[in-house]
Amino acid sequence: MQTIGKFLMGTVKGDVHDIGKNLVNIMLEGAGFEVIDLGVQVAPEKFVAAIDEHQPDIVGFSAFLTTTMPMFKANINALEKAGMRDSVIVMVGGAPVTQEYADAVGADGYAADASATVKRAKALLQERRAKVLA
Ligand code: B12
């Protein structure tokens, strides 16, 4: 089946909230993305291994606790260490997350809800593909 892009998603380590993540996944699939869901409590090394295996266009980190939001930065550091930060778009989200926080940790994109995530994911993909062609 033709898809518009591959989206790897997971709730960060230490966090079991998955309702928001699951809604995002459903909307992404509805919009034509292939979604690979790693579930909850996903450790940085598991994200790295899954990116290596699946080569997604976008990886999404979901967090619902102020105590687990710092895992975004830990995950991004792990991607950098694995030499894969530039090959994947990083999106972050979850109830306590803001655009300011996403910018502070160095994510490429943030969205407040599922439908905004679809719009932002499509825009980020388009930007990335235009850059590659340029
Ligand atoms: C349901 C719930 C639970 C359930 C989770 C069940 C499940 N399967 O998810 C259970 C009971 C397990 C739970 C446990 C806990 N919870 Co809780 N929980 C909630 C609750 C009531 C709702 C969260 C939710 O699912 N909302 C619905 C979804 C749809 O939310 P949403 O933000 O709109 O989702 C959108 C966006 O966030 C965005 N999005 C989401 N993910 C992503 C990812 C990306 C990449 C992008 C771009 C966008 C995106 O799109 C979503 C869809 O539109 C909230 C309170 C509240 N009213 O919000 C507390 C809340 C999040 N929990 C809280 C707490 C403290 C806990 C516990 C620590 C409690 C305890 N002492 O045990 C534990 C933590 C367990 C753990 N280690 O994770 C606090 C967090 C406080 C804080 N500031 O950190 C809250 C805010 C409650 C409170 N007021 O105290 N919880």
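Here are a few things to note about the model shown:
- Remark: for residue pairs 6/131; 21/73; 46/131, the C-alpha separation exceeds 26 Å in 46/131.
- Fluctuation leader among 67, 11, 98 - the chain, Gaussian network, Cα springs under 10 angstrom: 67
- GNM result for the chain, Cα springs below 10 Å: residue of 107, 49, 121 fluctuating most strongly: 49
- With K and R counted +1 and D and E -1, the other residues having a Cβ less than 11 Å from that of residue 58 yield a net charge of +1.
- Within the listed set 56, 96, 44, the residue fluctuating most in the Gaussian network model of the chain (springs between alpha-carbon atoms under 10 angstrom) is 96.
- Considering only alpha-carbon pairs that sit under 8 angstrom and 6 or more positions apart, the relative contact order computed for the chain is 26 percent.
- Once both labels are positioned 7 Å from their Cα atoms along Cα-to-Cβ, the gap between residue 80 and residue 3 label points is 2.9 nm.
- Alpha carbon centroid spacing (whole Å) that separates segment 56-110 from segment 10-29: 14
- Descending semi-axes in Å of the chain, equivalent ellipsoid built from Cα gyration tensor: 20, 17, 15
We did not get these values from a lab; they are worked out from the coordinates using the rules stated. None of these values were measured; they are calculated from a predicted model. FYI the Cβ positions are ideal-geometry reconstructions off the backbone, even for glycines, and counts take in every protein chain you see.
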